[in-house]
Amino acid sequence: MAELTYREAIARGIAQEMRRDESVLFLGEDVGAAGGVFKGTVGLFEEFGPVRVRDTPISEQAILGAAMGAAMTGLRPIAEIMFADFFAVCWDIVANEIAKSRYMTNGQMSFPLVIRSGNGGGLRFGAQHSQSVENWAMMIPGLKVVVPSSPRDVIGLMAAAVRDDDPVVFLESKALYPTKGEVPDGEIVDALGTAAVLRHGSDATIATLGLMVPRALAAAEELAAGGIDCTVIDVRSLIPLDTQTILRETSATGRLFTVEENPRVLGWGAEVASIVAEEAFFDLDGPVVRITTPHIPLPAADALEDMALPSVERIATTIHKAMNS
Amino acid sequence: MTTTEASPVHDVDFKLELYRSQVALRRFESRAYDLFLENYVKGTSHLSIGQEAIAAGVAAAMRPDDWTFATYRGHAHTLARGVAMTPVFAELMGRANGLMAGKGGSMHLTSVEHGVMGSYAIIGAHLPIACGAAWSAQYRGTDQVAVAFFGDGTVNIGAFHEALNFAAIWKLPVVFICENNLYMEYTRTSEVTAVAHPAADRAVAYGLEPILVDGNDADAVYEIARTAIERARAGGGPSLIEAETYRHGGHSRADPGKYRPDEEVALWKSAERDPVSRYRTRLLELGVEEATLVRIEADVDAEVDAATEAAKAGAAPGEDLLMKDVWANGGAEWRN
Ligand SMILES: Cc1ncc(C[n+]2csc(CCOP(=O)(O)OP(=O)(O)O)c2C)c(N)n1
Ligand SMILES: [Mg+2]
């Protein structure tokens, strides 16, 4: 057991897979000797050298095109898109090419690749460096999408993503980079498509993801002090989605709250809410409530950004109100 | 700027094969057009009539394990790598016996076993993807080369420039072939392009030699492609080739191409410019018997007829295919 930061876990997860499998390569902007702009990949260049850890020009389409071409010819590349906002300049390669080519070719090709990216707000970077884009990726058929919330999950889900034969969009919550967590020694391999129940309660169920996980847990503690006992599910994987865990835990408490960092409209919780409405309606004791960022571009000022993202206080108050109405 | 002359030295059997290949592409495409008008081919289709020398000439210079990355105008490039006509016709017709069982359609022809690594319908997207395949060959030391075909209009999209720079800095074994047929869909590329030669004039920006070739001369195309491919194979890095050509017909479907001057169309369709007629004349001048050429043409016609019937005989794809192969496990499940 060792204590690692979320940031350190990224390099450890990638290194674990690169040591095991020569076909795993890593490419992106400033990822080599510089170790990444978030210092998430420090040490990889030193250990694996410039052939397997490659700096690229500022060419997001070329980065992802290269990953796709390498994957279709037998390699297992990991590509970094520095900020998830930059997906907007290479979304063709993600949504039209990588996601669809297996289906369109009647299964002639596979794309075992990982696209990792710094996602979400909390760092006061403003609207073009803070978006939470997990729902963009989730709505494209052919992409798997994971969002780890702890150092241990970063390593385990990275390993699962690299070993998976399908393309995985791996979104790291930027604001979690400095956070710490216990990580067991040795190899860690997790499974895609599995949610984790982090807290058991009897009154309400909270489904959440990424940066919102620690906030939901803190809110659950506050609520418990006031007599509302919550289950907290870390959804972890949006595609595949572990709906069985969500349905089971929702039915057990009779209430579901989603806590989402993405802007409101068609955020991932909308899909979860609709599944619960269709499949667990008669177990519900009240409406499903979504707690999200409003449908606005994220503002830069700390005061405003803090109002926009779901806070511990907003989560606790919203749930408290809903449970007492 | 270099203009490469046709290579004088090819043996006649090689040339006959190159002729056969061009005739096959021409007659396949003519039939595909008929099938579109008869509503057997639905949706869309983009023909290479008039541009056959490029697909045929380049394919002749490729090793079986080299990779082709084509566009929506990719029937010719797919067939030229040895893919049979029946599955291509059937794919155009949306049949279960299609190359991708009807799941891709005319714009996405793919046959991995023939090195046809996809046909791409978003302008320019496959250029960086070809770089990735080339990177893979470089990393694994397999000597394979990736070849990407694209049009003159494609040099104005960002992906082209990202791919060229990327290939140059990593010295990737990739050959970029711009088929300059002078038009995008309905607009002359020169009206919206800052340079006269859309690809060749950009080469220096990526540290590459400008290469212009007569794209309607299969021998010249073959020679230039062979040089570029062997250079890439030997570790010499990428090349950018601009092959000047013309499409006899419209952009797609039943487009009559009325935005082009009649004299221009007539010139490019003339026996002196048309790649198939020119090649036929060249063979006759080399002393090949007319009867030999007629036999090749008759064989191709028979192949096209048989493939048309075999494709038409295919069933519509069944429901079993609908939810198949989104994922590598063969399925489409996204939740438990
Ligand atoms: C990104 C993108 N923009 C526009 C189109 C629509 N489109 C399809 S073909 C085409 C013309 C391409 O011209 P060129 O590159 O010269 O190729 P050609 O069709 O002449 O072979 C256009 C604009 C597209 N498919 N993708
Ligand atoms: Mg054109």
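Only residues that are part of a loop (DSSP other than H, G, I, E, B) and crowded, with 24+ Cβ neighbours inside 10 Å were counted across the range B:113-135, and they come to 2.
Once the range B:147-185 is narrowed to residues that are of a type in the set (Val, Ile, Thr) and within 11 Å of ligand 2 (Cβ to nearest atom), the residue that is nearest to the other protein chains (Cβ to nearest Cβ) is B:THR154. Applying the condition of being outside any helix (DSSP H, G or I), of a type in the set (A, V, I, L, M) and farther than 27 Å from B:VAL112 by Cα to the range A:74-100 and asking which residue is nearest to the other protein chains (Cβ to nearest Cβ) yields A:ILE81. Inspection of the range B:231-240 identifies at least one residue that is in contact with a Phe, Trp or Tyr (Cβ under 9 Å, 6 or more places away or on another chain), buried (at least 16 other Cβ atoms within 10 Å of the Cβ) and assigned to a strand (DSSP E or B). Of all residues being over 20 Å from the mean Cα position of the chain (by Cα) and open to solvent by less than 10 Å² (accessible area, probe 1.4 Å) in the range A:103-121, which is farthest from the other protein chains (Cβ to nearest Cβ)? Just the residue, please. For the range A:103-121, the residue satisfying everything is A:MET109.
Taken over the range B:218-243, the criterion of being more than 20 Å from B:SER21 (Cβ to Cβ), touching a residue at least 40 places away in the same chain (Cβ under 8 Å) and out of contact with any His (no Cβ under 7 Å at 6 or more places or on another chain) is satisfied by B:ALA232, B:ARG233, B:GLY235, B:GLY236, B:GLY237, B:PRO238, B:SER239, B:LEU240.
Condition check: surrounded by fewer than 24 Cβ atoms within 10 Å (Cβ to Cβ), out of contact with any strand residue (DSSP E or B) (no Cβ under 6 Å at 6 or more places or on another chain), within 14 Å of another protein chain (Cβ to nearest Cβ) and not aromatic (Phe, Trp, Tyr). Does A:THR194 satisfy that? So A:THR194 fits the description; yes.
Go through A:LYS180, A:LYS144, A:LYS100 for me and flag whichever is under 30 Å from B:GLU91 (Cβ atoms) and over 16 Å from the mean Cα position of the chain (by Cα). Just a single option satisfies the conditions, and that option is A:LYS100. Among the residues of the range B:118-135, are any more than 30 Å from A:VAL51 (Cα to Cα), within 16 Å of ligand 2 (Cβ to nearest atom), out of contact with any Gly (no Cβ under 7 Å at 6 or more places or on another chain) and of a type in the set (Phe, Trp, Tyr)? For the range B:118-135, residues more than 30 Å from A:VAL51 (Cα to Cα), within 16 Å of ligand 2 (Cβ to nearest atom), out of contact with any Gly (no Cβ under 7 Å at 6 or more places or on another chain) and of a type in the set (Phe, Trp, Tyr): absent. Filter the range B:101-112 down to residues that are assigned to a loop (DSSP other than H, G, I, E, B) and either over 20 Å from B:VAL326 (Cα atoms) or more than 7 Å from chain A (Cβ to nearest Cβ) (or both) and give me whichever is least open to solvent (accessible area, probe 1.4 Å). The residue in question is B:LEU109. Scanning the range B:145-181 for residues that are surrounded by fewer than 24 Cβ atoms within 10 Å (Cβ to Cβ) and under 17 Å from A:ALA71 (Cα atoms) yields no hits at all.
Every residue in the range B:161-208 that is among the acidic types (Asp, Glu) and part of a helix (DSSP H, G or I), please.
The answer is B:GLU162, B:GLU191, B:ASP201.
Taken together, B:ALA53, B:ALA90, B:ALA24, B:ALA59 contain a single residue that is in a helix (DSSP H, G or I), at pLDDT 95 or above and within 16 Å of ligand 2 (Cβ to nearest atom), which is B:ALA53.
Restricting B:GLU91, B:GLU38, B:GLU52, B:GLU29 to residues that are farther than 23 Å from B:ALA232 by Cα, under 10 Å from the mean Cα position of the chain (by Cα) and either surrounded by 21 or more Cβ atoms within 10 Å (Cβ to Cβ) or away from ligand 1 (no atom under 15 Å from the Cβ) (or both) narrows the list to B:GLU52.
Quick check: is even one residue across the range A:63-73 open to solvent by 10 Å² or more (accessible area, probe 1.4 Å) and either assigned to a loop (DSSP other than H, G, I, E, B) or closer than 30 Å to A:LEU309 by Cα (or both)? Yes: the range A:63-73 contains one or more residues that are open to solvent by 10 Å² or more (accessible area, probe 1.4 Å) and either assigned to a loop (DSSP other than H, G, I, E, B) or closer than 30 Å to A:LEU309 by Cα (or both).
Would you please name the residue that is farthest from the other protein chains (Cβ to nearest Cβ), looking only at residues in the range A:60-73 that are within 19 Å of B:ILE122 (Cβ to Cβ) and free of Cβ contacts under 8 Å to residues at least 12 places away in the same chain? Filtering first and then ranking leaves A:ALA62.
You will find that of B:ARG247, B:ARG278, B:ARG335, B:ARG260, the residue that is among the basic types (Lys, Arg), open to solvent by less than 70 Å² (accessible area, probe 1.4 Å) and within 14 Å of another protein chain (Cβ to nearest Cβ) is B:ARG335 and no other. Only one of the numbered conditions (1) of a type in the set (Ser, Thr, Tyr); (2) away from every other protein chain (no Cβ under 12 Å); (3) open to solvent by 10 Å² or more (accessible area, probe 1.4 Å) is not met by A:THR56, and that is (2). Say whether the condition of being basic (Lys, Arg), under 25 Å from B:SER277 (Cβ atoms) and modelled with pLDDT of 95 or more is met by at least one residue in the range B:30-41. Yes, the range B:30-41 contains at least one residue that is basic (Lys, Arg), under 25 Å from B:SER277 (Cβ atoms) and modelled with pLDDT of 95 or more.
The rows are residues; the columns are (1) β-branched (Val, Ile, Thr); (2) within 15 Å of ligand 1 (Cβ to nearest atom).
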| site | (1), (2) |
| --- | --- |
| B:VAL174 | yes, no |
| B:ASN181 | no, yes |
| B:VAL192 | yes, yes |
| B:HIS197 | no, yes |
| B:ILE229 | yes, no |
| B:ARG233 | no, no |
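Evaluated against (1) within 11 Å of chain A (Cβ to nearest Cβ); (2) surrounded by 24 or more Cβ atoms within 10 Å (Cβ to Cβ), B:HIS75 falls short on exactly one condition, (1). Against the test of being open to solvent by less than 30 Å² (accessible area, probe 1.4 Å) and away from chain B (no Cβ under 14 Å), the options A:ALA224, A:ALA220 yield a single qualifying residue, A:ALA220. B:THR142 satisfies every condition listed in (1) of a type in the set (Ser, Thr, Tyr); (2) outside any helix (DSSP H, G or I); (3) buried (at least 23 other Cβ atoms within 10 Å of the Cβ) except (3). The residues in the range B:130-156 that are within 14 Å of ligand 1 (Cβ to nearest atom) and either under 19 Å from the mean Cα position of the chain (by Cα) or without any contact (Cβ under 8 Å) to a residue 12 or more places away in the chain (or both) can be counted, and the count is 8.
Of the residues screened, A:ARG124 is not one that is crowded, with 24+ Cβ neighbours inside 10 Å, away from chain B (no Cβ under 11 Å) and basic (Lys, Arg).
The values are calculated or read from the model by the stated rules, or taken from the named source; none is laboratory data. Bear in mind the structure is a predicted one, so any value in this text is a computation, not a measurement. Heads up, the Cβs are rebuilt from the backbone with ideal geometry, glycines too, and the neighbour counts pull from every protein chain shown. Ligands, DNA and RNA are excluded from the accessible area calculation, which covers all protein heavy atoms including side chains. Shrake-Rupley method; radii C 1.70, N 1.55, O 1.52, S 1.80 Å.
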